Amino acid sequence: MRLENKIAIVTGAASGFGKAIARCYAAEGAKVVIADINGDGAAKVAGQIGDSAIAVTCDVTRRADVEAMVAACTNAFGGVDIMVNNAGYTHANQPMLEVAEDEFDRIMAVNVKSIYLSALAVVPEMERRGGGVIINTASTAGVRPRPGLTWYNGSKGAAIILTKSMAAELAPKKIRVCAINPVIGETGMLEQFMGLPDTPKNRAKFVATIPWGRMSKPEDIANAALFFADPASDMITGVCMEVDGGRCV
């Protein structure tokens with residue numbers, strides 16, 4: 001198995017991309033912390049996985065919560081090898097001047113500040129284990145932004161730059177840092193990204209912009225996260241990989 005004896009934390013793991021990543025990691029031999037602000041949802045996913053997973057209720061914008069999440073991981077499994085910053089938040093697709101200030105703040109806190117807080121907590125743990133991998137879920141929105149999601153786009157652009165800078169700074173500590181840039185996907189936030197009801201007709205408008213001819217699926221993102229976490233990817237760091245069916249070409 002590709003992640004045998006590895007220990008991972010996945011945020012936003014009660015649903016969508018995070019759930020798929022956590023299940024994929026467990027299937028490949030990892031011990032996994034299912035972290036989510038939705039504690040009941042996290043517990044359900046951990047229960048489905050079994051003894052190799054535990055659930056932690058965590059608001060990734062709160063330092064105390066993030067520190068408690070990492071402590072729960074080290075207490076249960078002995079350390080942290082893989083940190084997946086997957087939790088995300090967006091405003092509805094709408095004109096940029098119509099997004100409320102508190103919503104802007106929440107987007108930046110969940111999508112950007114969480115990366116800072118997790119680094120504070122996990123980098124020392126990874127150093128003690130001789131290295132590790134940090135994986136950030138960014139977005140094609142940070143590569144080729146489009147109108148209607150301006151502040152979300154900016155948060156994901158920040159996640160991409162942070163990934164590259166962290167990779168350069170943490171390489172001497174043997175900590176790799178990479179990012180995944182999904183195209184619009186079949187998750188609970190789909191209608192917010194579209195700014196329209198989720199109907200076949202409305203989906204078709206977005207699928208038409210993707211050369212591969214479909215939206216991303218959680219399993220697509222999980223496969224990319226597995227690739228980055230795999231020890232076989234030891235020479236890969238600072239890479240922000242589009243998983244987008246050609247959307248950014």
Subject >> Non-local Lys pairs in the stretch 7-227, i.e. 8 or more apart or on different chains, that have alpha carbons under 20 Å apart >> reply: 12
Original post:
By the scheme Lys and Arg +1, Asp and Glu -1, what is the net charge of all other residues having a beta-carbon under 12 Å from that of Asp198?
Top reply: +1
Subject >> Local electrostatic count at Met126 - Lys and Arg +1, Asp and Glu -1, tallied over other residues with Cβ under 14 Å >> reply: +2
**OP:** Kindly express, to the nearest 10 degrees and within the range 0 to 90, the angle between helix 150-170's C-alpha long axis and the longest C-alpha principal axis of the chain.
**Re:** 30 degrees
Subject >> Residue exposure sequence - Cys178, Cys240 - by fewest surrounding Cβ within 10 Å >> reply: Cys240, Cys178
**OP:** Evaluate E = 1/(1 + (r/R0)^6) for Leu120 and Asn5, where r is the Cβ-Cβ distance and R0 equals 35 Å; express this FRET efficiency to the nearest 0.05.
**Re:** 0.85
Subject >> Cβ-Cβ FRET estimate between Glu67 and Thr209, R0 fixed at 45 Å, reported to 0.05 >> reply: 0.65
**OP:** Any chance you could give the angle, 0 to 90 degrees and rounded to 10, that helix 16-27 forms with the longest Cα principal axis of the chain?
**Re:** 30 degrees
**OP:** Return Thr163, Thr199 ranked ascending by Cβ neighbour count within 10 Å, so the fewest neighbours appear first.
**Re:** Thr199, Thr163
Original post:
Which angle from 0 to 90°, rounded to the nearest 10, does the C-alpha axis of helix 39-49 make with the longest principal axis of the chain?
Top reply: 60 degrees
**OP:** Would you order Ile210, Ile34, Ile236 from fewest to most other beta-carbon atoms within 10 Å of each residue's own beta-carbon?
**Re:** Ile236, Ile210, Ile34
Original post:
Quick one: if you stick a label point 7 Å off each Cα along the C-beta vector at Arg106 and Val249, how many nm between them?
Top reply: 3.7 nm
**OP:** Please work out the C-alpha center-to-center distance from the stretch 57-99 to the stretch 156-184 and express it in whole Å.
**Re:** 16 Å
Subject >> Considering only the stretch 7-227, percent of DSSP beta bridges that pair antiparallel, nearest 5 >> reply: 0 percent
**OP:** With r as the distance between the Cβ atoms of Ile236 and Glu191 and R0 = 30 Å, compute the FRET efficiency 1/(1 + (r/R0)^6) and round to 0.05.
**Re:** 0.30
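Taken together, the values in this text are just the output of simple stated rules run on the coordinates, not laboratory data. Computed from a predicted model, the values in this text were never measured in an experiment. Cβ sites come from the backbone with ideal geometry, for glycine too, and all protein chains shown count toward neighbours.
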